[in-house]
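See structure below.
The values are calculated or read from the model by the stated rules, or taken from the named source; none is laboratory data. Computed from a predicted model, the values in this text were never measured in an experiment. Every residue, glycine as well, gets a Cβ built from its backbone with ideal geometry; the counts of neighbours run over all protein chains shown. Side chains are part of the model used for accessible areas, which takes the heavy atoms of the whole protein and leaves out ligands, DNA and RNA. Shrake-Rupley method; radii C 1.70, N 1.55, O 1.52, S 1.80 Å.
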Amino acid sequence: GDSVTQMEGPVTLSEEAFLTINCTYTATGYPSLFWYVQYPGEGLQLLLKATKADDKGSNKGFEATYRKETTSFHLEKGSVQVSDSAVYFCALSGGYQKVTFGTGTKLQVIP
Amino acid sequence: GAVVSQHPSWVICKSGTSVKIECRSLDFQATTMFWYRQFPKQSLMLMATSNEGSKATYEQGVEKDKFLINHASLTLSTLTVTSAHPEDSSFYICSAGVRDGTDTQYFGPGTRLTVL
């Protein structure tokens, strides 16, 4: 079945540091890929998405590129802020709207 | 656009009572909604798929008689935790999809249930 593997956290960075959170997936066919962010005590917010190979999703300075050859969708940001502290979930949808989530990576940005 | 709301945001109840959680799509119609459960510091576990006008589809291991799901309209799904016990305490999140060909899910803000 479908699965998503993302790097374990927590990830602790200083403000303005470069962020990479790795995500790889296993799926049949051509899934859509997503990054969701969850702030403490809140639900999930869609951060960005990509629907086909080589697509780049971007939002709020975050980027991720759909790499079919490496089955990856790594999340990057050039300069993180304290307000980016949250849990980030990589996810895929292989159809019928069902979403498979990774385990989540907690990011902590310190001033 | 694509806003999903949940009510209540938090609830505390006594063991043995039932609790109803509402999930609404505010600016779109959703023929399918999903209910998830999230344990502390863990990922989301899909509990069931709620289908408008028909029975919900439950994931393996989820008690359908305990977690009653009703999807009476295209904008409302409800999850009722019946005879709640402390082990049912959790964060419950619903989602709904916009049929734009990408299977994007939009999530509600979640409901924190505490059973005493």
Lone qualifier among A:GLY41, A:GLY9 - being at pLDDT below 95, under 27 Å from B:TYR92 (Cα atoms) and out of contact with any strand residue (DSSP E or B) (no Cβ under 6 Å at 6 or more places or on another chain): A:GLY41
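Considering the range B:18-54 alone, what residues qualify as being outside any loop (DSSP other than H, G, I, E, B), closer than 12 Å to B:HIS71 by Cβ and polar (S, T, N, Q)?
B:SER25, B:THR32, B:THR49, B:SER50, B:ASN51
If you go through the range A:69-85, how many residues are under 23 Å from B:GLY97 (Cβ atoms) and more than 10 Å from the chain's Cα centre (by Cα)? Steps first, answer last, please.
Start the filter on the range A:69-85 by keeping residues that are under 23 Å from B:GLY97 (Cβ atoms), which leaves A:73, A:75.
Next cut, more than 10 Å from the chain's Cα centre (by Cα) only: none.
Result for the range A:69-85: 0.
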Unmet criterion (only one of (1) within 17 Å of B:THR104 (Cα to Cα); (2) away from chain B (no Cβ under 12 Å)) for A:GLU16: (1)
Those residues of the range A:54-70 which are more than 9 Å from A:PHE34 (Cα to Cα) and within 14 Å of chain B (Cβ to nearest Cβ), in sequence order: A:ASP55, A:ASN59, A:TYR66
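From B:THR80, B:THR75, grab the single residue that is of a type in the set (S, T, N, Q), under 30 Å from A:LYS52 (Cα atoms) and either touching a Leu at 6+ places or on another chain (Cβ under 9 Å) or within 12 Å of chain A (Cβ to nearest Cβ) (or both). Quick ask: steps written out before the conclusion?
Details: B:THR80 fails: under 30 Å from A:LYS52 (Cα atoms).
Answer to the selection: B:THR75.
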In the range B:8-46, the residues that are without any contact (Cβ under 8 Å) to a residue 40 or more places away in the chain and aliphatic (A, V, I, L, M): B:MET45, B:LEU46
Breaking point among (1) within 10 Å of another protein chain (Cβ to nearest Cβ); (2) among the polar types (S, T, N, Q); (3) in a loop (DSSP other than H, G, I, E, B), for B:SER95: (3)
Which numbered condition B:LEU68 fails, given (1) open to solvent by 10 Å² or more (accessible area, probe 1.4 Å); (2) part of a loop (DSSP other than H, G, I, E, B): (2)
Unmet criterion (only one of (1) open to solvent by less than 20 Å² (accessible area, probe 1.4 Å); (2) facing chain A (nearest Cβ under 9 Å)) for B:MET47: (2)
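Restrict the check to the range B:27-41 and report whether at least one residue is among the hydroxyl-bearing types (Ser, Thr, Tyr), within 13 Å of chain A (Cβ to nearest Cβ) and buried (at least 17 other Cβ atoms within 10 Å of the Cβ). Quick ask: steps written out before the conclusion?
Taking the range B:27-41 and keeping what is among the hydroxyl-bearing types (Ser, Thr, Tyr), we get B:31-32, B:36.
Still in the list and also within 13 Å of chain A (Cβ to nearest Cβ): B:31-32, B:36.
Next cut, buried (at least 17 other Cβ atoms within 10 Å of the Cβ) only: B:32, B:36.
Looking through the range B:27-41, at least one residue is among the hydroxyl-bearing types (Ser, Thr, Tyr), within 13 Å of chain A (Cβ to nearest Cβ) and buried (at least 17 other Cβ atoms within 10 Å of the Cβ).
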From the options B:THR104, B:THR75, residue that is over 21 Å from A:VAL37 (Cα atoms) and of a type outside the set (D, E, K, R): B:THR75
One residue from B:VAL98, B:VAL81, B:VAL11, B:VAL19 being within 30 Å of A:PRO10 (Cα to Cα) and of a type in the set (A, V, I, L, M): B:VAL11
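Every residue in the range B:72-87 that is at pLDDT 90 or above and within 14 Å of the chain's Cα centre (by Cα), please.
Pass one, the range B:72-87, residues at pLDDT 90 or above: B:75-87.
Across the range B:72-87, the qualifying residues are B:THR75, B:LEU76, B:SER77, B:THR78, B:LEU79, B:THR80, B:VAL81, B:THR82.
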